[in-house]
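No lab work stands behind these numbers, since they all come straight from the coordinates. Every value quoted in this text rests on a predicted model; they were computed, and no experiment measured them. Reconstructed Cβ throughout: ideal geometry from the backbone, glycine too, with neighbour counts over all protein chains shown.
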């Protein structure tokens, strides 16, 4: 099977995003829904943190090892060990998005 980097943002949608502190780490969890018919693999999820003035603070990403079939759902988790204090102290919510993935052309 030939894979190519398609526009994952057309098929994959993120919802149910939550953050939680676990020990010294920050976890971001959520749900990816594949609204298309193609299977996606090697999906990467990015989380960007901005302060109340819109100034960029930090970034984290996670590569999903599981495939997301057509019309399927898959949960994700991004773990940030020792996040910047500003992120946890001010309870800043990340902007979470799909940044890429591979799919079959057919």
**Request:** Measure off 7 Å from each Cα along the Cα-to-Cβ vector at residue 20 and residue 75, then give the distance between these two points in nanometres to one decimal.
**Result:** 0.8 nm
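Report the full-extension gain for the segment residue 13 to residue 63: residue separation times 0.36 nm, less the Cα-Cα distance, to one decimal in nm.
Details: separation 50, 0.36 × 50 = 18.00 nm, distance 1.56 nm.
Full extension of this stretch gives 16.4 nm more.
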**Request:** Take the alpha-carbon centre of the range 49-106, take the same for the range 4-39, and report the distance between them in whole Å.
**Result:** 7 Å
**Prompt:** Taking all pairs of different Cα atoms in the chain, averaging 1/r and flipping that mean, what Kirkwood radius in angstroms comes out?
**Reply:** 14.5 Å
**Request:** Would you compute, from DSSP H runs of 4+ residues alone, the mean residue ellipticity of the chain at 222 nm, taking -39500 (n - 2.57) per run and dividing by the full residue count, rounded to the nearest 500?
**Result:** -1500 deg cm²/dmol
**Asked** Fewest first, what order do 87, 43 take by the number of other Cβ atoms within 10 Å?
**Response** 87, 43
**Prompt:** Between residue 33 and residue 82, what FRET efficiency comes out of the Förster formula 1/(1 + (r/R0)^6) with R0 = 30 Å and r the beta carbon distance, rounded to 0.05?
**Reply:** 0.45
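Exposure proxy check: 103, 9, 33 ranked by fewest other beta carbons within 10 Å?
Working: 103 24, 9 13, 33 16.
The order, fewest Cβ neighbours first, is 9, 33, 103.
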**Message:** I need the semi-axes of the equivalent ellipsoid of the range 55-101: take the C-alpha gyration tensor, multiply each eigenvalue by 5, square-root it, list largest first in whole angstrom.
**Reply:** 26, 11, 10
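Could you tell me the relative contact order of the chain? Use alpha-carbon pairs under 8 Å, at least six residues apart, and round to a whole percent.
Here the relative contact order equals 40 percent.
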**Message:** For a quick check: sort 89, 97, 53 by the number of other beta carbons within 10 angstrom, fewest at the front.
**Reply:** 53, 89, 97
